[in-house]
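The values are calculated or read from the model by the stated rules, or taken from the named source; none is laboratory data. Fair warning: this is a prediction, and the values are worked out from it, not measured in the lab. With ideal geometry, Cβ positions are generated from the backbone for all residues, glycine too; neighbour counts draw on all protein chains shown.
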Ligand SMILES: NC(=O)c1ccc[n+]([C@@H]2O[C@H](COP(=O)([O-])OP(=O)(O)OC[C@H]3O[C@@H](n4cnc5c(N)ncnc54)[C@H](O)[C@@H]3O)[C@@H](O)[C@H]2O)c1
Ligand SMILES: [Zn+2]
Ligand SMILES: [Zn+2]
């Protein structure tokens with residue numbers, strides 16, 4: 001095994017470099033080392049690059065979405081063994097603190113979003129995963145890396161958004177943004193039995209993609225259609241029972257609370273790069289419930305079962321596949337949505 005590996009390193013605002021790094025080793029008995037079999041790029045990686053994630057550290061390898069093979073484990077690791085195929089969790093969590101015990105793993109006192117943010121992540125060849133028993137989920141033999149790669153971040157994020165929205169059977173749910181996280185949000189919302197999932201985006205191609213895959217029932221492009229009228233038409237004039245904001249665009253926060261019915265729930269998953277204003281004087285009396293969050297990815301075993309059972313299929317989200325050698329090109333097509341790009345799968349480095 002070569003002592004060096006290639007990876008995408010964050011060197012401060014606007015500065016990503018594809019460069020050589022040392023292969024990681026076990027530093028704590030609860031660590032595992034995973035050889036990356038497949039990784040991906042998340043919109044949150046751009047937020048780090050743009051200097052909009054205060055907790056991010058410089059000189060860190062980016063990437064928090066991956067699956068691969070365990071090659072070494074520390075003495076205290078119980079569940080995971082070398083040779084097993086695993087999918088990683090974006091969150092690092094101890095499993096023992098107050099927050100972990102309540103499922104609030106994003107706020108674990110010794111973790112949270114660490115991989116590819118504060119410690120080296122997965123847009124490389126090998127990753128050290130702390131608290132490996134919590135941070136890795138075994139992959140059933142029937143599934144490929146393509147089936148499970150979204151379980152690291154965007155699937156639990158979509159599920160989290162749907163959970164926060166407290167969807168009840170028969171509800172009308174608006175999902176703002178039909179990007180990759182919007183799509184996993186719709187798939188997750190479906191599990192809770194709404195009557196209508198309304199997908200909203202300014203890119204027609206993305207709306208068609210979500211509709212074609214059966215993730216939504218109604219599509220709305222607010223540039224050419226009247227979102228408010230369409231939602232009121234579906235709800236006897238009330239407004240949406242819940243709104244999940246996964247667009248993070250200009251004005252989408254305002255749309256989110258405006259399109260919700262009185263006493264509705266607004267679930268905010270988008271990561272904003274700027275402050276949003278909460279005009280309480282305008283929304284007075286509407287009695288809305290706002291919930292926000294960085295994903296508490298604490299249901300990955302359940303999500304793996306749902307994938308295994310065919311109840312969730314994220315595979316169509318992978319529109320492009322390329323080796324790690326070409327990852328900077330992957331960043332470009334993913335960011336600019338070139339060539340219909342929804343999500344890029346990165347395969348191992350080719351020497
Ligand atoms: N909370 C979390 O833990 C978590 C986890 C993962 C991602 N995220 C965030 O979720 C967000 C979405 O991620 P993504 O990968 O799907 O991003 P994306 O940029 O691919 O998708 C956003 C979509 O919103 C659409 N949009 C933009 N402005 C709009 C407008 N005015 N009206 C309607 N649609 C509009 C865009 O066309 C795009 O398709 C990002 O901010 C990302 O950082 C949060
Ligand atoms: Zn992510
Ligand atoms: Zn904890």
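Looking only at residues in region 122-161 that are within 16 Å of ligand 1 (Cβ to nearest atom) and in contact with a strand residue (DSSP E or B) (Cβ under 7 Å, 6 or more places away or on another chain), which one is farthest from residue 319 (Cα to Cα)? Once the filter is applied, the top-ranked residue is 135. Counting only strands (runs of 3 or more DSSP E) that fall entirely inside region 263-351 and contain at least 3 residues that are within 16 Å of ligand 2 (Cβ to nearest atom) and in contact with a helix residue (DSSP H, G or I) (Cβ under 9 Å, 6 or more places away or on another chain), the qualifying elements are 343-347. Within region 291-321, the only residue that satisfies the criterion of being surrounded by fewer than 15 Cβ atoms within 10 Å (Cβ to Cβ) and more than 24 Å from residue 137 (Cβ to Cβ) is 292. Out of curiosity, is residue 83 in contact (Cβ under 8 Å) with a residue 24 or more places away in the chain, assigned to a loop (DSSP other than H, G, I, E, B) and either in contact with a strand residue (DSSP E or B) (Cβ under 6 Å, 6 or more places away or on another chain) or outside the structural domain of residue 179 (by TED's automatic domain parsing) (or both)? Answer is no for this residue. Listed by first and then second residue, the pairs with beta-carbon distance under 9 Å, at least 6 apart or on different chains, first residue in region 288-313 and free of Cβ contacts under 8 Å to residues at least 24 places away in the same chain, second assigned to a loop (DSSP other than H, G, I, E, B), are 305/140; 305/311.
Among the conditions (1) out of contact with any helix residue (DSSP H, G or I) (no Cβ under 9 Å at 6 or more places or on another chain); (2) more than 16 Å from ligand 2 (Cβ to nearest atom), the only one that residue 85 does not satisfy is (1). When the residues of region 322-344 are filtered to those that are under 19 Å from residue 210 (Cβ atoms) and touching a residue at least 60 places away in the same chain (Cβ under 8 Å), the one that is surrounded by the fewest Cβ atoms within 10 Å (Cβ to Cβ) is 340.
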